[in-house]
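Chemist: I'd like to ask some things about the structure below.
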Amino acid sequence: MNEYPPIVAEVATAIAEVYSQFGNITSLYLGQGSPNLQLALFGPLYEETLTLFLALNGAEENAYTKSDDPEALFISRCQAIVQETPLWVTLQGKRKTTLPQDESDRGYVVIVKGFRALRNSIEHQPASLD
């Protein structure tokens, strides 16, 4: 992981963190999420974020380089990773949660900000998730 810029790990961490707090009463009041879920999400989200970074950087040809809308693809792939993670499914219990793709969803917002921070880092602009 050390050979890639820190922004790759920062984006994956931010996405994993926001979804580890999703629907958790404790996180609502204390700002805490599930560390186990965050760890379970980080690896696959890091790989997806790295794939996007490599495509944006021109270092690798992949689905992002072939997509007409890489941002939408990144959003749907990150949400699919979350929804297919066994621990996420277990924590959601009987409620079938489909993650929305709109500004009212904190996870969606973090994914969009992450995409833009990665793109800006490639364009040599200050990269920030804020």
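The values are calculated or read from the model by the stated rules, or taken from the named source; none is laboratory data. Fair warning: this is a prediction, and the values are worked out from it, not measured in the lab. Note: ideal-geometry Cβ built from the backbone for every residue, glycine included; neighbour counts use all protein chains shown.
Chemist: So in the stretch 87-99, with the set limited to residues that are touching a Phe, Trp or Tyr at 6+ places or on another chain (Cβ under 9 Å) and outside any helix (DSSP H, G or I), which one is surrounded by the most Cβ atoms within 10 Å (Cβ to Cβ)?
Modeler: Leu99
Chemist: Within the stretch 69-93, track down each residue that is farther than 19 Å from Lys113 by Cα and of a type in the set (D, E, K, R).
Modeler: Answer for the stretch 69-93, where residues must be farther than 19 Å from Lys113 by Cα and of a type in the set (D, E, K, R): just Glu84.
Chemist: Further question on the same structure: Determine the pairs where a residue that is closer than 20 Å to Val8 by Cα, located within the stretch 68-89, has a partner that is surrounded by fewer than 18 Cβ atoms within 10 Å (Cβ to Cβ) and of a type in the set (Gly, Ala, Ser) with Cβ atoms under 7 Å apart, the partner being 6 or more residues away or on another chain.
Modeler: Between residues of the stretch 68-89 that are closer than 20 Å to Val8 by Cα and residues that are surrounded by fewer than 18 Cβ atoms within 10 Å (Cβ to Cβ) and of a type in the set (Gly, Ala, Ser), the close pairs are Leu73/Ala63; Leu73/Ser67.
Chemist: How about the stretch 47-86: which of its residues are assigned to a helix (DSSP H, G or I), over 14 Å from Val110 (Cα atoms) and among the hydroxyl-bearing types (Ser, Thr, Tyr)?
Modeler: Thr51, Tyr64, Thr65 - these are the residues of the stretch 47-86 that are assigned to a helix (DSSP H, G or I), over 14 Å from Val110 (Cα atoms) and among the hydroxyl-bearing types (Ser, Thr, Tyr).
Chemist: While we're here: Of all residues in the stretch 100-127 being closer than 18 Å to Leu52 by Cβ and outside any helix (DSSP H, G or I), which is modelled with the highest pLDDT?
Modeler: Checked the stretch 100-127; the qualifying residue modelled with the highest pLDDT is Gln101.
Chemist: I need the full set of residues from the stretch 86-98 which are out of contact with any Leu (no Cβ under 6 Å at 6 or more places or on another chain) and under 19 Å from Leu39 (Cβ atoms), in order please.
Modeler: Within the stretch 86-98, Pro86, Trp88, Val89, Thr90, Leu91, Gln92 meet the criteria.
Chemist: Within the stretch 24-57, take every residue that is surrounded by fewer than 19 Cβ atoms within 10 Å (Cβ to Cβ) and of a type in the set (Ser, Thr, Tyr) and give me the one that is modelled with the lowest pLDDT.
Modeler: Applying the filter and picking the extreme gives Ser27.
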